[in-house]
Amino acid sequence: MEVLDRTLAPDYRTVEEVSVSPIASRRLTNGQMAYWVRAGGQPVVRLECIFDAGAWYEAMPGVSTLAMKMLAEGTSTRTSAAISAYFDRYGAFLETHSGTDRTSLTVYCLTKYLPQILPLFCELIADSAIPEKELNDQKNLTRQSLRVNLEKNNYVAGMVIREKVFGATHPYGHCQSLETLDAIDTPTIQTFYQRHIRNRPFRLLLAGEVTESDVDLLDQYLGQLAVEASTAPTRTPERMTTPERAILIEREDSLQSSIRMGRPLFTRRHPDYFPMLVLNEVLGGYFGSRLMKNIREEKGFTYGIWSNVATFPREGYWVIGTDVKREFTVQTLEETRKEMRILREEPVPADELEVVKNYMAGSFVGSLNTPFEIADRYKGILFDGLPTDYLTTYIHRLRAVTAEQVQQMAQQYLREEDWIEVVVGNK
């Protein structure tokens with residue numbers, strides 16, 4: 001019998017390409033598009049009905065989120081309790097999501113119960129009653145959660161950096177407050193529902209153990225819903241980045257400070273996107289990043305520091321975040337600026353760049369394990385205007401990034417004068 005030598009590291013291979021289950025599509029009777037990914041070995045499906053109805057379309061912060069939550073709170077014939085009991089009977093799980101540009105109603109269920117689930121799913125979309133008591137209950141829950149979050153330095157810092165990057169009135173920058181929450185009433189939610197959800201265009205995304213008969217069922221139910229073009233006014237808000245470069249929100253009793261550093265960026269369609277992803281990973285995108293090695297491992301200022309390229313369908317921003325003891329706040333800011341300067345002045349060594357690329361390639365492959373994860377990846381491609389070969393060429397594009405490109409990105413996008421610093425706590 002062969003004895004395993006545990007003193008030797010196992011062989012590894014670099015990931016050069018990825019194979020992804022294909023996505024299929026079909027136009028339903030009412031003209032709406034249905035997409036599906038057949039993958040996985042379990043008899044489970046996830047169905048998403050996706051609307052252009054996120055923060056970009058709301059008159060005040062939080063309206064889209066509350067409107068989506070109200071879909072499951074009652075129709076003209078069912079109460080919220082009856083809706084929950086019906087889904088529970090079939091072991092189904094319902095959830096809603098509201099993002100920057102899109103909202104979705106999603107249900108998870110066993111494939112065999114899709115015929116029983118779809119009639120109620122359609123009813124929630126086409127016949128939401130928006131009962132006042134349930135809306136007030138949702139507002140009270142939101143109010144309690146918001147009050148707790150507003151006491152957290154990291155929540156406030158994240159909220160403020162988005163506001164300063166995009167502007168307080170921009171859909172990507174406006175944030176909910178207790179005052180804006182109190183201003184939302186039943187007519188506001190009803191107006192949003194009528195303008196953006198009921199009888200409005202949608203797209204379907206089905207993932208799991210999907211068959212052609214399942215797609216036929218989608219057409220039998222969702223394909224028969226009446227759909228009209230949106231009558232809502234088109235919004236083209238302008239980003240209003242603050243000229244301030246250092247914002248301090250003092251909290252004398254805080255033992256820690258939350259730091260956010262951010263700047264405007266671009267979408268995933270930008271030609272600099274892939275070199276920027278690599279630069280971000282080197283700076284603070286993973287546990288072995290330079291910020292982690294310096295500020296956590298060497299200085300011991302924090303448990304963790306990270307950076308992220310956050311992209312939305314219309315714009316994006318780059319953000320660095322950490323929480324430190326208040327007495328280390330200034331030193332942390334200085335060390336972060338130092339790491340930015342080094343990346344501007346010196347090319348990333350070949351061995352470090354190779355480690356980063358290998359990590360990113362492995363993480364990408366690891367994010368495609370389930371049919372739902374694959375569907376999520378396709379969702380960005382379909383709805384954000386990315387090229388159809390985005391997934392299959394992703395690793396190749398990462399591998400093609402050079403040290404010279406990374407340094408060019410640092411020189412262009414890591415200039416200190418372009419970054420906004422937000423500190424919530426004290427210096």
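Read-outs: derived from the displayed coordinates by stated rules, not from any lab. Everything quoted here is computed from the prediction, not taken from an experiment. Ideal geometry is used to build each Cβ from the backbone, glycine not excepted, and the neighbour counts take in all protein chains shown.
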Charge dipole of segment 23-224 built from unit charges on the beta carbon (Lys, Arg +1; Asp, Glu -1), centred at mean Cα; most positive-end Cα among S64, T75, A183 is S64
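Could you work out the mean projected area of the convex hull around the alpha carbons of segment 235-276, in square nanometres to one decimal? Mind dumping the intermediate values first?
Working: hull surface 22.6 nm².
Value for segment 235-276: 5.6 nm².
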What is the distance in Å between the Cα centres of segment 141-163 and segment 14-80?
27
What percentages make up the Cα-Cα pair-distance distribution of segment 246-425 when the bins are 5 Å wide from 0?
1, 8, 15, 19, 19, 15, 11, 7, 3, 1, 0
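Suppose every K and R has +1 on its Cβ and every D and E has -1 on its Cβ; what is the size of the dipole of segment 23-224 about the Cα centre, in Debye to the nearest 20? Don't jump to the answer; show the numbers that get you there.
Values: 20 positive and 22 negative charges, 57 e Å.
Taking the Cα centre of segment 23-224 as origin, the dipole is about 280 debye.
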Helix axis angle, 114-126 relative to the chain longest principal axis, alpha carbon, degrees
90
To the nearest 10 degrees, the tilt of helix 329-345 (Cα long axis) against the first principal axis of the alpha carbons of the chain is 80
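Given N residues in the chain, what is its alpha carbon radius of gyration divided by 2.2 N^0.38 Å?
Values: Rg = 23.9 Å, N = 427, 2.2 N^0.38 = 22.0 Å.
Normalised Rg, Cα atoms only: 1.09.
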Hey, got the dipole for segment 121-272? About the Cα centre, +1 on K and R Cβ, -1 on D and E Cβ, debye to the nearest 20?
820
Under 5 Å, built H, 5+ apart or other chain: amide partners of T322:
I259
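Given only helices, namely DSSP H runs of n ≥ 4 each adding -39500 (n - 2.57), what is the per-residue ellipticity at 222 nm of the chain, to the nearest 500 deg cm²/dmol?
-12000 deg cm²/dmol
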For the table K69/K379; K133/K164; K69/K164; K164/K379; K152/K293; K293/K427, the rows whose alpha-carbon distance is greater than 24 Å are K133/K164; K69/K164; K164/K379; K152/K293
Pick out, from L398, Y303, I342, the residue whose Cα sits farthest towards the positive end of the charge dipole of segment 246-425, with +1 on the Cβ of Lys and Arg and -1 on the Cβ of Asp and Glu.
L398
What dipole magnitude, in Debye to the nearest 20, does the chain give about its Cα centre under +1 on Lys/Arg Cβ and -1 on Asp/Glu Cβ?
460
Separation between Cα centres of segment 190-213 and segment 370-427, rounded to whole Å:
29
Given bins 10 angstrom wide, list per bin the percent of all Cα-Cα distances in segment 23-224, short to long.
8, 32, 33, 20, 6, 0
Helix 132-149 sits off the longest principal axis of the Cα atoms of the chain, rounded to the nearest 10 on a 0 to 90 degree scale, by 10
